[in-house]
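**Q** Got a structure here, written out as C-alpha cells. Questions coming.
The values are calculated or read from the model by the stated rules, or taken from the named source; none is laboratory data. Predicted, not measured: the structure shown is a model, and the values here were computed from it. Please note: Cβ atoms are built from the backbone with ideal geometry, for glycine as well, and neighbour counts cover all protein chains shown.
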Amino acid sequence: MGEQRFDLVVLGGGPGGYVAAIRAAQLGMAVALVERERLGGICLNWGCIPTKALLRTSEINHLLHSLDQFGFAADNPRFDLGRVVKRSRAVAGQLSSGVAHLLRKNKVAVFEGHGKLAGGGTVAIEKDGKAVATVRAPHLVLATGARARALPGLEPDGKLIWSYKEAMVPPAMPNAVLVIGSGAIGIEFASFYRNMGAEVTVVEAVDRILPIEDEDISAFARKAFEAQGMTILTGATVRGARIGTDRVTVTVEANEGAREITAERVIVAIGIAGNTEGIGLEGTRVQVERTHVVADGYGRTGEPGVYAIGDLTGPPWLAHKASHQGVICAEGIAGLADVQTLDTTNIPSCTYCRPQIASVGLTQAAAEASGHTVRIGRFPFIGNGRAIAIGEPDGMVKTVFDARTGELLGAHMVGAEVTELIHGFTLARTLQSTEAELMATVFPHPTVSEAMHESVLAAFGRAIHY
C-alpha cells in the first residue's frame, strides 16, 4: 500500500468538504476526499434534504384535510408511511449519487473509509478496521461535521427514544410524540408529526421556542403551532424518565410546577457536538473549545497546513455556511487575491415547519444591545393579496433598520414560503443596502414578496396596505 500524494486532502464529504474539494480542483489542485459513510454528509443523507421531503409530505397531508376551503372534497384521505419514508430516502440517495458524479467530473479522488491525521501532512485511511490507503498533502481540510447531543437518561435507543436519524425513518406513525428542544431540528420534527396526525408536545428549557429567532417571530410561531394542536412548554427542564415497553413517561419541571408527560416516542433535539474525536488531533496545535475546532475566517487552525470548516467549527450549524467556508478555504489555500471572509450575520437561517420561518442579520434585541437606535417595520400577511388568495394569510415580515443610517440590520419572516424569500434581504445586506434602495425596488404584484416591501415602508411610516 503505497503513499499517494496530493495538493489537498479533505476529511469529510458533506456540504463543506465536497464543495471545498471541487473548488480546489477547479483551481488546479490535485485533491483527495475521504468519506467514511455516504457522500453528502449528514445534511444530504440524514438532515436537510430528506427532512424536507418528509415535510413536503406533511404539508400535502395538511392540505388534503383542508380541501373544503378551496372548494374540493375528498373522503378519508390517508397515507402509506412506508412509501413516505421510501420517497425521502430515495431523494437523499439521488442527491448523494449526484455528489459522486460532481467529484468524478472534477477529478477528485474519493477514498471510502475513516481518515485520521498521522503527522507530517499524512492521513491514514481505514475501513472496517483495516488500513486501505495513506495520502499526503501540504494542506489538510477537516470537514468532519457534528453529531446530535444526547440528554443524560434519555440517550437514543433506536426504539422509544429517537435522534434525528430514527425520527426520519419511523416504522409506524406514533400516536403521541414528545420533542425535547425547540430549535430548528426539533420544531421541524414537531411540525412533521403534528401534520401527519400525531399528538405532539414540545419541551424547551428557555422561555420561548426557536430561541435564536426574533422574539416577535417566536411568539407568532408559538401561537400558530398551538392553534394546530401542539402543546408547548417553555422554561421547562427534564428531571427524569421512566422507559416502558412501548412508551416513555418524562418528568418535566416548568414554572407552573412538575408534570409527567407520556408519549410513545421521544425525539431528543438539544443541539450538536463537533466530531473532533478519532481524527488525530492529539499532538497537534489544533485547538478544540466546547467540542468545536477553533479556526479563523479562512479556516486556518493553530496547526500549520491544517484547516477546519463547517459544523466542526461551531455555529451557525448550517449547510450553506459550510459550503461557503469550503470555497473561502480552498481559494485562500490557492492564493487567490481578495478572498473575503464570511460575515456570519449575513448567513440566512431557515426552518421548514408550518408556517415556515426565515431570518438574516440581527434581531431587534441584538441590534439594540449592540447600541443601535432602531426603526422597526412589521407587515402581516393578512394585508397581502397573494397570501390571502393561496389560503395562507397567517404570517408576518419584520425588518430592523438603523434609525440614523438606514442600514438594514436584520429581517425576520414567518409564513408560507418565506424560506424562498429571505435571499432578497440577504442580498440587500450583502450589498449594504439602505431603506432608500429597498423602498425604490419594484416588487411584482401579486406576490407574497410584496410583504417584504411593505415591511420596509412600515419602518419609515410609509406602509400602503396596512
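**Q** Condition check: assigned by TED's automatic domain parsing to the domain that holds Y298, free of Cβ contacts under 8 Å to residues at least 12 places away in the same chain and either surrounded by fewer than 18 Cβ atoms within 10 Å (Cβ to Cβ) or among the small types (G, A, S) (or both). Does R87 satisfy that?
**A** Values: assigned by TED's automatic domain parsing to the domain that holds Y298: yes; free of Cβ contacts under 8 Å to residues at least 12 places away in the same chain: no; either surrounded by fewer than 18 Cβ atoms within 10 Å (Cβ to Cβ) or among the small types (G, A, S) (or both): yes.
No: the conditions fail for R87.
**Q** Which of the residues spanning region 355-376 are under 20 Å from F460 (Cα atoms), in a loop (DSSP other than H, G, I, E, B) and in contact with a Gly (Cβ under 8 Å, 6 or more places away or on another chain)?
**A** L362, T363
**Q** While we're on this one: Taking the stated definitions as given, is G41 out of contact with any Ser or Thr (no Cβ under 7 Å at 6 or more places or on another chain) and surrounded by fewer than 20 Cβ atoms within 10 Å (Cβ to Cβ)? Steps first, answer last, please.
**A** Numbers: out of contact with any Ser or Thr (no Cβ under 7 Å at 6 or more places or on another chain): yes; surrounded by fewer than 20 Cβ atoms within 10 Å (Cβ to Cβ): no.
For G41, the condition - out of contact with any Ser or Thr (no Cβ under 7 Å at 6 or more places or on another chain) and surrounded by fewer than 20 Cβ atoms within 10 Å (Cβ to Cβ) - is not met.
**Q** Filter region 1-18 down to the residues that are more than 19 Å from G274 (Cα to Cα) and not aromatic (F, W, Y), then identify the one that is surrounded by the fewest Cβ atoms within 10 Å (Cβ to Cβ). Show your work before the answer.
**A** If we filter region 1-18 for residues that are more than 19 Å from G274 (Cα to Cα), which is where we start, we get 1-9.
Of the ones still in play, those that are also not aromatic (F, W, Y) are 1-5, 7-9.
Values: M1: 8, G2: 6, E3: 10, Q4: 17, R5: 15, D7: 17, L8: 25, V9: 30.
Only one residue tops the list, namely G2.
**Q** Hand me the list of helices (runs of 4 or more DSSP H) wholly inside region 1-100 holding 3 or more residues that are at pLDDT 95 or above and more than 24 Å from I357 (Cβ to Cβ). First the steps, then the outcome.
**A** Working: elements: 17-26, 41-46, 48-64.
By residue number, 17-26.
**Q** So, in region 109-127, of the ones that are in contact with a strand residue (DSSP E or B) (Cβ under 7 Å, 6 or more places away or on another chain) and in a loop (DSSP other than H, G, I, E, B), which residue ends up farthest from G186 (Cα to Cα)?
**A** Going through region 109-127, the residues in contact with a strand residue (DSSP E or B) (Cβ under 7 Å, 6 or more places away or on another chain) turn out to be 109-118, 121-127.
Okay, now just the ones that are also in a loop (DSSP other than H, G, I, E, B), so 113, 121.
Values: G113: 31, G121: 39 Å.
Taking the candidates together, the pick is G121.
**Q** Moving to a separate point now. With the requirement that a residue be more than 26 Å from the chain's Cα centre (by Cα) and in contact (Cβ under 8 Å) with a residue 40 or more places away in the chain, what does region 366-376 give you?
**A** Within region 366-376, R375, I376 meet the criteria.
**Q** May I ask you to list the residues in region 294-331 that are of a type in the set (G, A, S) and either part of a loop (DSSP other than H, G, I, E, B) or not assigned by TED's automatic domain parsing to the domain that holds T122 (or both)? Full working, then the answer.
**A** At the first step, the residues of region 294-331 found to be of a type in the set (G, A, S) are 295, 297, 299, 302, 305, 308, 310, 314, 319, 322-323, 326, 330.
Listed by number, the residues that qualify are A295, G297, G299, G302, G305, G314.
**Q** Only one of R265, R222, R300, R208 is farther than 17 Å from V179 by Cα, of a type outside the set (A, V, I, L, M, F, W, C) and either modelled with pLDDT of 95 or more or under 22 Å from the mean Cα position of the chain (by Cα) (or both). Can you tell me which?
**A** Details: R265 fails: farther than 17 Å from V179 by Cα; R222 fails: farther than 17 Å from V179 by Cα; R208 fails: farther than 17 Å from V179 by Cα.
Exactly one residue qualifies, and that residue is R300.
**Q** Please determine, by comparing only the residues of region 303-351 that are of a type in the set (S, T, Y) and buried (at least 23 other Cβ atoms within 10 Å of the Cβ), which one is farthest from G229 (Cα to Cα).
**A** Of region 303-351, the ones of a type in the set (S, T, Y) are 307, 313, 323, 341, 344-345, 349, 351.
With the extra rule that they be buried (at least 23 other Cβ atoms within 10 Å of the Cβ), the set shrinks to 307, 313, 351.
Details: Y307: 46, T313: 37, T351: 19 Å.
In this case the residue turns out to be Y307.
**Q** When the residues of region 260-281 are narrowed to those that are of a type in the set (G, A, S) and farther than 30 Å from G121 by Cα, which ends up surrounded by the most Cβ atoms within 10 Å (Cβ to Cβ)? First the steps, then the outcome.
**A** Kept after step one, since they are of a type in the set (G, A, S), are these residues of region 260-281: 263, 269, 271, 273-274, 278, 280.
Then drop every residue that is not farther than 30 Å from G121 by Cα, which leaves 263, 269, 271.
Working: A263: 21, A269: 25, G271: 16.
The extreme case among them is A269.
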